Amino acid sequence: MRRILRSREQLKLLGDYLIMCRSGALKELSKRLDHRNYLLECPHKYSVTDLRQIADGTFETFLQSLIQFASHHVYNCDLCTQRGFICQICNRSDIIFPFEFDTTTRLVVCMSLLCLKAAPKTSRSCRKYHQD
């Protein structure tokens with residue numbers, strides 16, 4: 001269930017990108033959602049169908065296919081890519097996104113997004129990057 005919640009949180013963050021995009025990718029994602037647009041709104045809402053799919057073991061695969069579609073769009077769309085971030089600690093030119101849970105972290109107080117390589121250099125509670 002933890003992996004499903006994590007995937008739901010990723011999907012919500014990806015949905016935020018697609019909502020702002022003018023490419024029509026949100027329309028395509030909505031078709032793939034099959035009338036379950038609440039999946040983009042709140043990671044804690046589940047329908048009876050979702051719960052059945054969780055029990056059957058098919059829900060996670062469904063979510064992963066949506067995440068793959070949406071992330072592929074974000075990484076390849078000029079408009080979405082421009083909404084990415086640069087780590088403010090290491091200042092590498094790599095664009096990072098908040099839905100990249102395996103490689104980024106968000107600071108609790110200031111909500112800054114950092115790459116995980118830079119995160120150990122600062123406190124997750126922030127003080128705007130004051131090092132511990």
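Report in % the part of the accessible area of region 28-88 that belongs to carbon and sulfur, leaving out ligands and nucleic acids; probe 1.4 Å. Intermediate values should be presented prior to the final figure.
Working: 1890 of 3740 Å².
Answer for region 28-88: carbon and sulfur cover 51 percent of the accessible area.
Multiply the residue gap between Ile4 and Val108 by 0.36 nm, knock off their C-alpha separation, and tell me the result in nm, one decimal place.
Answer, rounded to one decimal: 35.2 nm.
So if I place +1 on the C-beta of Lys and Arg and -1 on the C-beta of Asp and Glu, and nothing else carries charge, what would the dipole magnitude of the chain be about its Cα centre? I want it in debye, nearest 20. Could the numbers behind the result be given before it?
Numbers: 20 positive and 13 negative charges, 67 e Å.
Its charge dipole is roughly 320 debye.
Please tell me the relative contact order of the chain in percent, rounded to the nearest whole number, where contacts are Cα pairs under 8 Å and at least six residues apart.
21 percent
Between His35 and Asp94, what is the spin-label point distance in nm, taking each point 7 Å from the Cα along the Cα→C-beta axis?
Taking the simple label geometry, His35 and Asp94 are separated by 4.3 nm.
Considering Cα pairs under 8 angstrom that are at least six residues apart, work out the relative contact order of region 1-67 and quote it in whole percent.
Relative contact order of region 1-67: 48 percent.
Using a probe radius of 1.4 Å on heavy atoms only, what accessible surface per residue do you get for region 1-82? Whole Å² is fine. Write out the running numbers ahead of the final one.
On the way: 5050 Å² over 82 residues.
Using a 1.4 Å probe on heavy atoms only, each residue of region 1-82 averages 62 Å².
The values are calculated or read from the model by the stated rules, or taken from the named source; none is laboratory data. The structure presented is a predicted model; accordingly, all values stated were derived computationally and were not measured. Because the Cβ atoms are built from the backbone with ideal geometry, glycine has one as well, and the counts that use them run over all protein chains shown. For the accessible areas, the whole protein counts, side chains as well, though only heavy atoms, and no ligand, DNA or RNA atoms are used. Shrake-Rupley method; radii C 1.70, N 1.55, O 1.52, S 1.80 Å.
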